[in-house]
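Step one of this worksheet: look at the structure below.
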Amino acid sequence: MLDDAGLQALRDAARLSPDNLPLRQHLAGQLLAKGYLGEAEAEYRAALVLAPKDADITAGLAEAFVRQSAHGAALAALEPLLASPGYPPKLGVLAARALLGEGDTAGAAYRYHEAVSRDPSVGDADLAARLSAPPVSPYGAPPAPYPTPAPASADQASAEVERSKLTFAEVAGMEAVKESLRVKLLLPLQQPELFAAYGKRAGGGVLLYGPPGAGKTHLARAAAGELGASFVNVGLADILDMYIGSSERNLRATFDLARRNRPCVLFFDEVDALAGRRSDMRQAHTRQLVNQFLAELDGVDQNANEGVLVLAATNAPWYVDVAFRRPGRFDQPVFVPPPDPAARAAILRILCRDKPLAEMDFDAVARVTDHFVGADLKGVVDRAVEVKLHQSISAGRPIPLSTPDLLAAAQSVRPTAVREWMATARNYVMHANDSGAWDELMPWVKGKW
Ligand code: ADP
């Protein structure tokens, strides 16, 4: 029992819905603010299981460690995020506090100044005063905008292996998309004899494309869970790392990581950054990276990628290099559409599943959320939960979420980019569709957006 009644009520509410991330995060934040450091640490750890690599949660956990003088633990918690370029500056300040705690003043000063140079608002006068040493890089080089990981890690894949608990049951709607993934990905692994009989090999990749937030990552993760496969998620930051570091070795290491963990779904998010025709990428380097990617995808021998399913996602399929779409590679792109009203109701039902609920009319909410994608609906639910949480704290008991809560939250959330995305897509479908690559989009862009 905590001797703070509000906190205890919050903790009881969290026990009622253990998978409710915003609730856990709120509870952890309150515990930290009130100095219950061990309890805060435990809550942040639990939250991190629900949302690995979340920057705010990691920051909370690191702070709980630092304030308990567990500096090594704080650095270990921060390390995965600090390895990515452009990490949130506040994490740099926390790392500085931990490094100082370990007696590494030079390292701390470097981290601190690097963070503050990117975002002065994270400055901490007290810490700055204790860091009297000038900001010399402990890595021997002049301070770079993004300190890259030590070269010793160049052979290591920065991505991690996840075990996904999601299955297709947690993906609302998208029946056609799920069916097509089943045929392309799951059946060849589940019934290899049948596919072999027709001379088909498991392998190759599937390119998922569609507006941001429509559920591509969610779907990929669910495909891994559906298959009982491990999941390796290579995000934009990892891809950009490959530009900075020794790309071939990093890319090879990432594919090898997936091969060591087969069956495995290897997911490349925002793959257009890798396979793009973007003017801001140095052309020669891009080409080299594309070639390396395709070589890994094709596999050095017949069996290299057996049991490795490569999924890639993009919001901008028109930027993806045509070499990607050759037979045996990402030859049949799959469109992940924005949800229709029935799918929106189903997404809301899934998103609310682990929350204390009153009688719900999800269809009513679906009707007023035209143009909302899954990510927007998640925003609606998070907002409604936040409000409910405050009410529950005042009331001293958990109050269930109701339809009017969701309707009110929907009023205050603006749908993201679907309309703009459809306008761009319409341009490509109407004016750059000689190959018929975007035929699948035709009925969509003709609709009203
Ligand atoms: P994308 O990768 O297309 O940008 P995400 O997969 O990150 O989109 O979707 C954002 C969030 O929206 C997901 O984490 C998930 O909670 C929710 N979501 C999206 N689509 C669905 C769906 N079909 N069913 C259930 N939840 C969904």
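The values are calculated or read from the model by the stated rules, or taken from the named source; none is laboratory data. All values reported here derive from a predicted model rather than from experimental measurement. Positions of Cβ are backbone-derived with ideal geometry, glycine not excepted, and every protein chain shown enters the neighbour counts. Heads up: the accessible areas ignore ligands, DNA and RNA and are worked out on the full protein's heavy atoms, side chains in. Shrake-Rupley method; radii C 1.70, N 1.55, O 1.52, S 1.80 Å.
Taking the conditions exactly as written (of a type in the set (Gly, Ala, Ser), touching a Leu at 6+ places or on another chain (Cβ under 7 Å) and free of Cβ contacts under 8 Å to residues at least 40 places away in the same chain), does Ala384 satisfy them or not?
On the way: of a type in the set (Gly, Ala, Ser): yes; touching a Leu at 6+ places or on another chain (Cβ under 7 Å): yes; free of Cβ contacts under 8 Å to residues at least 40 places away in the same chain: yes.
Taking the combined requirement at face value, the residue satisfies it.
Any chance the range 63-73 includes a residue that's at pLDDT 90 or above, crowded, with 19+ Cβ neighbours inside 10 Å and under 22 Å from Ala384 (Cα atoms)?
no
Each row is one residue, and each column tells you yes or no for (1) at pLDDT 75 or above; (2) within 15 Å of the ligand (Cβ to nearest atom); (3) open to solvent by 30 Å² or more (accessible area, probe 1.4 Å); (4) outside the structural domain of Lys53 (by TED's automatic domain parsing).
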position: Ala214; (1), (2), (3), (4): yes, yes, no, yes
position: His218; (1), (2), (3), (4): yes, yes, yes, yes
position: Val234; (1), (2), (3), (4): yes, yes, no, yes
position: Met242; (1), (2), (3), (4): no, no, no, yes
position: Arg249; (1), (2), (3), (4): no, no, yes, yes
position: Ala253; (1), (2), (3), (4): yes, no, no, yes
position: Ala275; (1), (2), (3), (4): no, no, no, yes
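Is there any pair linking a residue in the range 358-372 that is touching a residue at least 24 places away in the same chain (Cβ under 8 Å) to one that is acidic (Asp, Glu) and buried (at least 20 other Cβ atoms within 10 Å of the Cβ), with Cβ under 8 Å and at least six apart or on different chains, and which?
Hits for this filter: Thr369/Asp376.
Somewhere in the range 13-28, is a residue closer than 29 Å to Leu131 by Cβ and out of contact with any strand residue (DSSP E or B) (no Cβ under 9 Å at 6 or more places or on another chain)? Outline the logic, then answer.
Initially, the range 13-28 is screened for residues closer than 29 Å to Leu131 by Cβ, giving 28.
Now narrow it down to the ones that are out of contact with any strand residue (DSSP E or B) (no Cβ under 9 Å at 6 or more places or on another chain): 28.
Looking for residues that are closer than 29 Å to Leu131 by Cβ and out of contact with any strand residue (DSSP E or B) (no Cβ under 9 Å at 6 or more places or on another chain), one finds at least one in the range 13-28, hence yes.
How many of the residues in the range 300-317 are over 26 Å from the mean Cα position of the chain (by Cα) and either modelled with pLDDT of 85 or more or open to solvent by 20 Å² or more (accessible area, probe 1.4 Å) (or both)?
Looking only at that region, the number is 4.
Look through Leu357, Leu389, Leu348 and report the one residue that is within 16 Å of the ligand (Cβ to nearest atom) and either touching a helix residue (DSSP H, G or I) at 6+ places or on another chain (Cβ under 6 Å) or of a type outside the set (Ser, Thr, Tyr) (or both).
Exactly one residue qualifies, and that residue is Leu348.
Please list, ordered by first then second residue, the pairs with beta carbon atoms under 7 Å, 6 or more apart or interchain, first in the range 276-302 and assigned to a helix (DSSP H, G or I), second surrounded by 18 or more Cβ atoms within 10 Å (Cβ to Cβ) and at pLDDT 80 or above.
Going by the 7 Å Cβ cut-off, the qualifying pairs are Gln292/Leu251; Phe293/Leu251; Leu294/Arg329; Glu296/Leu251; Glu296/Phe255; Leu297/Gly205; Leu297/Val310; Leu297/Arg329.
Taking the stated definitions as given, is Val177 open to solvent by less than 70 Å² (accessible area, probe 1.4 Å), under 20 Å from the mean Cα position of the chain (by Cα) and closer than 24 Å to Trp421 by Cα?
In short, no.
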